[in-house]
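These notes are about the structure you will find just below.
The values are calculated or read from the model by the stated rules, or taken from the named source; none is laboratory data. All values derive from a computational prediction rather than experimental measurement. Note that each Cβ is placed from the backbone with ideal geometry, even for glycine, and that neighbours are counted across all protein chains shown.
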Amino acid sequence: MADLSKADLDRVNFVWSIYDSTNEGVDAFYIGDILRALELNPTLATIEKMGGTKKKGEKKIMADEFYPIFSQVSKDKDQGVYEDFIECLKLYDKAEDGTMAGGELTHILLSLGEKLSDKELDEAVKDCMDPEDEDGMIPYVPFVRRVMTRLRDMK
């Protein structure tokens, strides 16, 4: 059962039971959701590499197949954390005052890394971004904090 502690096994089994209430396995489409529910932040590429599918109904996996996936992803250092996001956005903080152009942030969200859809961007801006000041600047630290809190609360 991979190299998981009893606490990790208990957490995985609890989350797994929510997705697999019939004990017939979980659609591989939900691997990313399960990993996020377990407080991990895998990229879409990682999910696909670990056997996740882009469409429902392509394959099912059982809990014993998921344990090594969880173990591997939990060891993966290629997951962004709060501090990483703040450091990245500091590159766009020209005045070094904790603000950046709101338009620049929306451009970043639409074009870099795992790009957001227009709908996802609209939701993030509406729910997490402070209004721009008269110079078009927004504080980015509260934005990242709100996004991370919403992601945590969605789990």
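Here are a few things to note about the model shown:
- Candidate set: segment 73-110, residues that are β-branched (V, I, T) and modelled with pLDDT under 95; chosen: the one nearest to P139 (Cα to Cα): I86
- Condition broken by M100, with the remaining ones in (1) outside the structural domain of M148 (by TED's automatic domain parsing); (2) within 17 Å of V147 (Cα to Cα) satisfied: (1)
- Condition check for N41: in contact (Cβ under 8 Å) with a residue 40 or more places away in the chain and in contact with a Gly (Cβ under 7 Å, 6 or more places away or on another chain): yes
- Residues satisfying the stated conditions in segment 88-126, i.e. of a type outside the set (K, R), in a helix (DSSP H, G or I) and exposed (fewer than 11 other Cβ atoms within 10 Å of the Cβ): S111, D118
- Of the criteria (1) in a loop (DSSP other than H, G, I, E, B); (2) surrounded by fewer than 11 Cβ atoms within 10 Å (Cβ to Cβ); (3) not assigned by TED's automatic domain parsing to the domain that holds T22, which one K56 fails: (3)
For every residue, the table says whether it meets (1) under 30 Å from V125 (Cα atoms); (2) touching a Leu at 6+ places or on another chain (Cβ under 9 Å).
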site	(1), (2)
K6	no, no
T46	yes, yes
A63	no, no
S71	no, yes
